[in-house]
Amino acid sequence: MRNRMLFLLCVFGWGPLAAAAQPAAAAAQENLAGTGHVSKNALVARVNLQLSDRILHSSVLDYTQPPELAAVAAKCLHEGPDECYFSYKAFENAADPAVAARAHVELSVLSLQRGLVKQALKHINQAAVLAPEDPFIELTRGWTLFSAGKYKKARKSFADMLYLTADFEYASSAKLGTALAYYFEGNQKQAAADLQYIYTSNPYQISFAAYMMGLIAAAHKDSRRLAPVFFQQALSHDAYNYPAMQALAKWSEKDKKNPLASFQYYSTLFSRDPANVTAGKKAAEYAQKLKGNPADYLFYLRLDQPIVQELPSTPSRVLKMALYADRWQKPVPLQRVKLVPSGVMSVQDERLGEVLKSPSYVTRVLQFNEQTKGIDVTDARGHVEFSARRPFTVRLEKEDKTLLVKDASAADLFATDFSDKELKGALTVVPQEDGMLLINQVYLEDLIPALLATQARQVHQDEALRALAVVFRAALNEAAQRNEGRLYHLTDNDVYFQFKGINLAVLPMLQAAQASRGLELSGTDLGYYAACGTVSYDGVANTQKRPAYTYSPANMAKYMLSNPPQDLFSAPSDPTQWSAVKWVYLYDGKEISARLNARGKVGALRAMVPQQLSPTGRILSMRFDGSKGSYTAQTPQEIAYILGAGTLRSTFFDFVPMYKGKNIHRLLVRGYDTGTGVGLCVAGAGGLAKDGSDYGAIIKYYFPTARILDTHTGELH
């Protein structure tokens, strides 16, 4: 277990490797830039200077719109992309040059989404004629030229824009565009120099710059050894950087004597993206070179014995939670699983009553029988002690004891996270045609500390944890009511809740759950997400001063340039860890097409058209147009899977498609915050608590219409 865990820490940039990579990355930057005049010490000093600069947290962006175009933007939110486009068309020849220029900018953004690159260029060029001093128009022209593959002209537009403004928000976008234009032109030396500057001066693009420098290092013999250092850096600053994961997988193959690393990397990629045929083949290829069971080398938490062993229960509503669910919240039929109780355990058949009793810390195995389609309960030596083709329940005689579920396996090795889990409550085993489902029946109150442990790992303030506990309690009650009468109320891989076992809960989580008992939340739409910017779905600003942002297609793109303010409640304590708030990814068009074609006959990807939007422009559904057909992703989760194998951080993003001929061969995605932007921001709750807010004030900030009932006193807040 220790070796597997160390490898996992390294993969995601935690532990000694992340610290060691800093000076190595600095040396690599000197090597890549080819100038030799930037010393390691000077580089570190420059990073510290730049990251503390006030300019990184001030904004000059203006989101105002002519009144007639503001009405069109509102129409775009409700009447679909076609109506949106043709409504702006009505103003492209407006008598007022300012109105006409703005209409052309909006039409350029919308045309690029529809795959009409020449039309997008025509509109943005006309906007530049009408408003030659507008830096956003010139910047947009640069990115539109970049999308069309006209890299030299794109660089000229980015350079011209710098004569119109010196503002960091604009300049940083132009610098990134210039670096990428050089890279895709083939001028990697100049790209490396620009990327080095970005890496040392822009905390919001550190991960992306490190990834790109890793690609450049890998292509040059004299710096090739430093490529994995950059890829590790990319992941240490943003663990969701899927392209960096892919790059590390490819790099691992160079070490012919170590098939384990290659197997683990490709297994991780394949588990995220079952449509990635190459990753699946590579994982199978390297699995054959391993000794023993390949599953023993995957990134699963393995526990020999229950860790918590004893934990008092709090009688409350019983929740039914299906275990080992896949990314679509469908529980995976298991073939085999072991149970280790910390107290006396009994097996109870729904008709026969108690059929088996097992002492504490004695392992029992549940085995799916392919011939009988039933479940055999065996001892550790494989002797069958009980068989059933109907549901049965495993219970502990004492409620304060726990049950360890370990070594779960299914027909598909990569279907879900098969880590061991320690449970409270009872376990119902439901036989299926192809395996068995496990459903944990647990008191709601006993579940809250474990959910806090997985959803609020970075939150340490007691009042923030208490507020989260109140919100989680309300959300769990809502899930139970919504799914009453069904086989289970929720899964352990729910969109909002991920349950990894009570073994992860620590004392502050337990105390927060205890301190919040009896507090019930009502009168609001629930939800929460990990990290937030200044524009949320529901209008909560997450800062003392609300930004003047209003939606339009161009304003949404402009917001992606904006600096997070200094007083953002969810600001990270480490100034190099902004990736949860502001992020950039570069995805492969062929991989997106492969994921689409696994759903329908789409062909090569040619356009991406947002369909349903939130009031602020968050993308809730999207149509993908290809050479052979179209497919519409109906949920944010499906969009995230199609674009980045589930690694896309949020619904609030814009994109620059990079065309080769008629097809999109790369996709640059620029985004803000995480999740859907609805409800309580977990990191923001921590920031409010740091500023002195108690749990009630935190809840009221994120849920202004909420009512908090203290059932112990009867008081309503």
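Where a Cα-Cα gap under 21 Å defines reach, which lysines qualify for K398, not counting those fewer than 8 residues away within the same chain?
Candidates past the 8-residue exclusion: K320, K338, K357, K406, K421, K424.
Share of Cα-Cα pairs in the range 471-554 beyond 23 Å, in percent?
43
Can you send over the solvent-accessible area of V384, 1.4 Å probe, protein chains only, in Å² to the nearest 10?
Accessible area, nearest 10 Å²: 90 Å².
Using only alpha carbon pairs under 8 Å that are at least six residues apart, calculate the relative contact order of the range 567-683 and give it in whole percent.
In percent, rounded to a whole number, it is 28.
Stretched out fully, how many nm does the piece from S360 to D462 gain, at 0.36 nm a residue minus the Cα gap?
Value of the extension gain: 33.2 nm.
Leaving out ligands, DNA and RNA, and with a 1.4 Å probe, what % of the accessible surface on the range 361-459 is carbon or sulfur?
Result for the range 361-459: 44 percent of the exposed heavy-atom area is carbon or sulfur.
How large is ³J(HN,Hα), in whole Hz, for each residue of the range 312-326 in order, when computed from phi with the Karplus curve 6.51 cos²θ - 1.76 cosθ + 1.60 and θ = phi - 60°, using x for Gly and Pro?
Result, rounded to whole Hz: x, 9, 10, x, 6, 4, 8, 9, 10, 10, 6, 9, 6, 8, 7.
Quick check: the angle from helix 16-33's long axis to the longest principal axis of the chain, C-alpha only, nearest 10 degrees?
Around 20 degrees separate the two axes.
For K75, which aspartates and glutamates qualify as cross-link partners when the Cα separation must be under 12 Å and same-chain residues fewer than eight apart are set aside?
Of all the aspartates and glutamates, those that pass the test against K75 - Cα under 12 Å, at least 8 places apart if same chain - are E83.
For the chain, what does the helix formula give at 222 nm: sum of -39500 (n - 2.57) over DSSP H segments with n ≥ 4, over the residue count, nearest 500 deg cm²/dmol?
Value at 222 nm, helices only: -13000 deg cm²/dmol.
Between V60 and S627, with labels modelled 7 Å along Cα→Cβ, what's the label distance in nm to one decimal, could you check?
Rounded to a tenth, the inter-label distance reads 4.5 nm.
How much length, in nm to one decimal, is gained on full extension between T314 and K601, taken as 0.36 nm per residue of separation minus their Cα-Cα distance?
Result: 98.1 nm gained on full extension.
Going out from 0 in 5 Å bins, what whole percent of all Cα-Cα distances in the range 542-696 drops into each bin?
That works out to 2, 9, 17, 20, 18, 13, 9, 6, 4, 2, 1, 0, in percent per bin.
Counting pairs of alpha carbon atoms under 8 Å apart in space and at least six apart in sequence, what relative contact order in percent does the chain give?
13
Restricting to Cα pairs below 8 Å that are 6+ residues apart, what does the relative contact order work out to for the range 454-546? Please round to a whole percent.
Answer for the range 454-546 is 35 percent.
Find which of Q441, F499, F231 sits farthest along the positive direction of the dipole of the chain, computed with +1 on the beta-carbon of Lys and Arg, -1 on that of Asp and Glu, about the Cα centre.
Ranked along the dipole, the leading option is F231.
Which of the lysines could a cross-linker bridge to K289, judged by Cα under 20 Å and excluding same-chain residues fewer than eight apart?
Excluding near neighbours in sequence, the set is K250, K254, K256, K257, K281.
Calculate the dipole size of the range 184-302 relative to its Cα centre from +1 charges on Lys and Arg beta carbons and -1 charges on Asp and Glu beta carbons; express the result in debye to the nearest 20.
Dipole about the Cα centre, nearest 20: 520 debye.
Tell me which residues come under 5 Å, amide H to amide H, from Y528 once H is placed; ignore anything under 5 positions away on its chain.
For Y528, the qualifying residues are L680.
Provide the net charge surrounding Q611, with neighbours chosen by a C-beta distance below 14 Å and charges set as Lys +1, Arg +1, Asp -1, Glu -1.
Charge balance near Q611 sits at -2.
Please give the solvent-accessible surface of V60 in Å², to the nearest 10, using a probe radius of 1.4 Å with every protein chain present.
90
How far apart, in nm, are the 7 Å Cα→Cβ label points at S522 and K690?
The modelled label-to-label distance comes out at 3.6 nm.
At 1.4 Å probe size, with every protein chain present, just tell me what the per residue accessible area of the range 382-470 comes to in Å².
That works out to 36 Å² per residue.
Return the tail of the calculated pair distribution for the range 108-151, meaning the percent of Cα-Cα pairs more than 13 Å apart.
I get 46 percent for the Cα pairs in the range 108-151 exceeding 13 Å.
Say a paramagnetic label sat at a point 7 Å from the Cα of D296, along Cα to Cβ; which residues of the range 234-278 have their backbone N under 17 Å from it?
Counting backbone N atoms under 17 Å from the label point, the list is 259-261, 263-264.
Can you give the charge dipole size of the chain about its Cα centre, rounded to the nearest 20 debye, using +1 on the beta carbon of Lys and Arg and -1 on the beta carbon of Asp and Glu?
Magnitude of the dipole: close to 2360 debye.
Rg to Rh for the range 206-337: what is it, with Cα atoms only and Rh by Kirkwood?
1.09
With a probe of 1.4 Å, find how much accessible area the range 239-330 has per residue, and write the answer as a whole number in Å².
Normalised by residue count, the accessible surface of the range 239-330 is 49 Å².
Keeping all protein chains in the complex and leaving out DNA, RNA and ligands, what accessible area do you get for E478 with a 1.4 Å probe, in Å² to the nearest 10?
80
Expressed as a whole percentage, what fraction of the accessible surface of the range 479-603 belongs to carbon and sulfur atoms when a 1.4 Å probe is rolled over the protein heavy atoms?
After summing per-atom areas, the C and S share lands at 50 percent.
For the range 359-411, with only Lys/Arg (+1) and Asp/Glu (-1) charged at the beta-carbon, what is the dipole magnitude about the Cα centre, in debye rounded to 20?
120
Please go through the residue pairs K152/K628; K122/K152; K330/K628; K150/K221; K175/K662 and name each one whose alpha carbons sit more than 21 Å apart in this structure.
K152/K628; K330/K628; K150/K221; K175/K662
How many nm is it between the label spots at E397 and E350, if each spot is 7 Å from the Cα in line with the beta carbon?
The modelled label-to-label distance comes out at 2.7 nm.
I'd like the carbon and sulfur percentage of the solvent accessible area for the range 228-327, probe radius 1.4 Å, heavy atoms only, ligands and nucleic acids excluded.
Carbon with sulfur: 53 percent of the solvent-accessible area.
Which residues' amide hydrogens lie under 5 Å from the amide hydrogen of A408, considering only partners 5 or more residues apart or on another chain, with H built in the peptide plane?
Under 5 Å from the amide H of A408: K338.
Could you tell me which of S360, T378, V332 has its Cα farthest along the dipole of the range 301-402 towards the positive end, charges placed at Cβ (Lys, Arg +1; Asp, Glu -1), taken about the Cα centre?
Farthest towards the positive end: V332.
Could you sort T576, T144 by their accessible area in this structure, using a 1.4 Å probe and putting the largest first?
I get T576, T144, largest accessible area first.
Note down the Stokes-Einstein diffusion coefficient of the range 62-137 in µm²/s, whole number, using a Kirkwood radius over alpha carbon pairs, 20 °C, and 1.002 mPa s.
Answer from the Stokes-Einstein relation: 174 µm²/s.
For the range 524-626, with every protein chain kept in place, what is the accessible area per residue (1.4 Å probe, Å²)?
Normalised by residue count, the accessible surface of the range 524-626 is 33 Å².
The values are calculated or read from the model by the stated rules, or taken from the named source; none is laboratory data. Keep in mind that this is a model prediction, so the values were computed, not measured. With ideal geometry, Cβ positions are generated from the backbone for all residues, glycine too; neighbour counts draw on all protein chains shown. All accessible areas refer to the heavy atoms of the entire protein, side chains included, with ligands and DNA or RNA removed. Shrake-Rupley method; radii C 1.70, N 1.55, O 1.52, S 1.80 Å.
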